[in-house]
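The values are calculated or read from the model by the stated rules, or taken from the named source; none is laboratory data. Treat the numbers as computed from the prediction; the structure is a model and nothing was measured. Counting neighbours? That spans all protein chains shown, and the Cβs are built from the backbone with ideal geometry, glycine included.
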Amino acid sequence: MRFGFSIFCDDIRAEPGGKLSFIGCYNGVIFVPPRFPYMLNKFCIHMHIYSPATQPYSSIVARCYGPGQEEPLVEEPIDPPSEEEQAALTAHLEKHPEAPLYIKAGSSLIFSPLRIFAPGLLRVRASIDHAETEIPLGSLRIETQS
């Protein structure tokens, strides 16, 4: 089974040693003033996508949908690990059953700015190997402040 998740935040910073810092993370909801459209100067989404090692990827396309919108705000291809890397992991699994069972791909979407046109769910989805069915990678509820 393929699955994933997203981290929604104000900024993502690359740190020494290959680390990432997520600044101003949202915990399921973002509160905005009750006027639309509303603009966030910067908004970031970091995605993790997992596939069983026995189901290698050939392509991944991430999409972000605004509240109530059927067309994506952005559609971004994500480079999966190379076929050679994925094959090596599968071969490693046969020799070492305790090895990781999933192939991981990840990427970030940076909006500068992000215009929000209505309250509701900001949804992140991925299409793997040109499949019509998208895998949910998370959502952030947008609510107005009282």
Problem - Count of residues meeting criterion [surrounded by fewer than 10 Cβ atoms within 10 Å (Cβ to Cβ) and under 23 Å from residue 119 (Cβ atoms)] in the range 6-34 - result: 3
Exercise for the section: Look at residue 123 and say whether it is crowded, with 18+ Cβ neighbours inside 10 Å and of a type in the set (D, E, K, R). Expected result: yes
Practice task
For residue 129, state whether it is over 30 Å from residue 31 (Cβ atoms) and surrounded by 12 or more Cβ atoms within 10 Å (Cβ to Cβ).
Solution key: yes
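Kindly establish whether residue 44 is touching a Cys at 6+ places or on another chain (Cβ under 7 Å) and surrounded by 15 or more Cβ atoms within 10 Å (Cβ to Cβ).
So residue 44 passes the test.
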Handout entry: Flag if residue 38 is of a type in the set (Ser, Thr, Tyr) and closer than 23 Å to residue 10 by Cα
Key = yes
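Here is a yes/no grid of residues against (1) modelled with pLDDT of 95 or more; (2) in contact with a Phe, Trp or Tyr (Cβ under 9 Å, 6 or more places away or on another chain); (3) closer than 16 Å to residue 77 by Cα:
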position	(1), (2), (3)
106	no, no, yes
109	yes, yes, yes
112	yes, yes, no
121	yes, yes, no
124	yes, yes, yes
131	no, no, yes
137	yes, yes, yes
140	yes, yes, no
145	no, yes, no
Handout entry: The listed residue being part of a strand (DSSP E or B) and under 30 Å from residue 130 (Cα atoms), out of 75, 70
Key = 75
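Select from the range 78-88 the residues that are within 16 Å of residue 4 (Cβ to Cβ) and either at pLDDT 95 or above or not in a strand (DSSP E or B) (or both) and list them in ascending order.
79, 80, 81
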Practice task
Tally the residues that are within 16 Å of the chain's Cα centre (by Cα) and part of a loop (DSSP other than H, G, I, E, B), restricting the search to the range 6-15.
Solution key: 1
Exercise for the section: Please work out which one of (1) modelled with pLDDT of 95 or more; (2) out of contact with any Ser or Thr (no Cβ under 8 Å at 6 or more places or on another chain); (3) under 30 Å from residue 13 (Cβ atoms) is the condition residue 100 fails and give its number. Expected result: (1)
Exercise for the section: Considering each residue of the range 16-56, count those that are in contact with an Asp or Glu (Cβ under 9 Å, 6 or more places away or on another chain), more than 30 Å from residue 89 (Cβ to Cβ) and assigned to a strand (DSSP E or B), and give that number. Expected result: 7
Problem - Any hit, the range 89-98, residues being part of a loop (DSSP other than H, G, I, E, B) and surrounded by 12 or more Cβ atoms within 10 Å (Cβ to Cβ) - result: no
